[in-house]
Amino acid sequence: MGKLTYDSTLTADFDDRVLAHIQVVVGAKLRRGESFYFSWRDDPKSGDGRSTIWMHPSIPVSYKYFGSRSPSLNREWIEVLMATANSSGGLQIVPEPHAPSIVPGVDSDLVANHFTKLD
């Protein structure tokens, strides 16, 4: 399980693979100076509700992975997540579609740069 920390005040746990895909989408949006909502279902251990945050380039966000290997990235999933992030409802975690993965170990900045023209 990885951890997303937002503004040093909120942490949320995600599977490392999910978190890696979130990082690519969030990085692409924030790099372009775009703000957006990000919503997810909370872990049942923390109340079993939903959380929503306002992602803004001036608010710090960090990612902590607990696995020793970088997860492979699914281009199709990144595109679907980016489409939700570009909607009025903001980024939503949706199930991963089945598609070939990008080669494991590819720098996520390179992948994010590849997807900067998806709007």
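The values are calculated or read from the model by the stated rules, or taken from the named source; none is laboratory data. Quick caveat: nothing in here was measured; it's all calculated off a predicted structure. Ideal geometry is used to build each Cβ from the backbone, glycine not excepted, and the neighbour counts take in all protein chains shown.
Going by what's in this entry, would LEU30 be described as on the phi < 0 side of the Ramachandran plot, at pLDDT 90 or above, in contact with a strand residue (DSSP E or B) (Cβ under 9 Å, 6 or more places away or on another chain) and surrounded by 13 or more Cβ atoms within 10 Å (Cβ to Cβ)? When the stated conditions are applied, LEU30 passes them. Of all residues in segment 26-39, one or more are among the acidic types (Asp, Glu), outside any helix (DSSP H, G or I) and either free of Cβ contacts under 8 Å to residues at least 40 places away in the same chain or closer than 19 Å to THR5 by Cβ (or both).
The number of residues in segment 4-25 that are within 21 Å of VAL94 (Cβ to Cβ) and surrounded by fewer than 21 Cβ atoms within 10 Å (Cβ to Cβ) comes to 8.
Could you tell me which residue of segment 68-85 is farthest from GLU34 (Cα to Cα), considering only residues that are small (Gly, Ala, Ser) and in a helix (DSSP H, G or I)?
Once the filter is applied, the top-ranked residue is ALA83.
Just a yes or no: is a residue in segment 65-88 touching a Ser or Thr at 6+ places or on another chain (Cβ under 8 Å) and either surrounded by fewer than 14 Cβ atoms within 10 Å (Cβ to Cβ) or acidic (Asp, Glu) (or both)? No: zero hits. Screening segment 30-86 for residues that are within 22 Å of LEU10 (Cβ to Cβ) and among the aliphatic types (A, V, I, L, M) and picking the one that is farthest from the chain's Cα centre (by Cα) gives ILE59.
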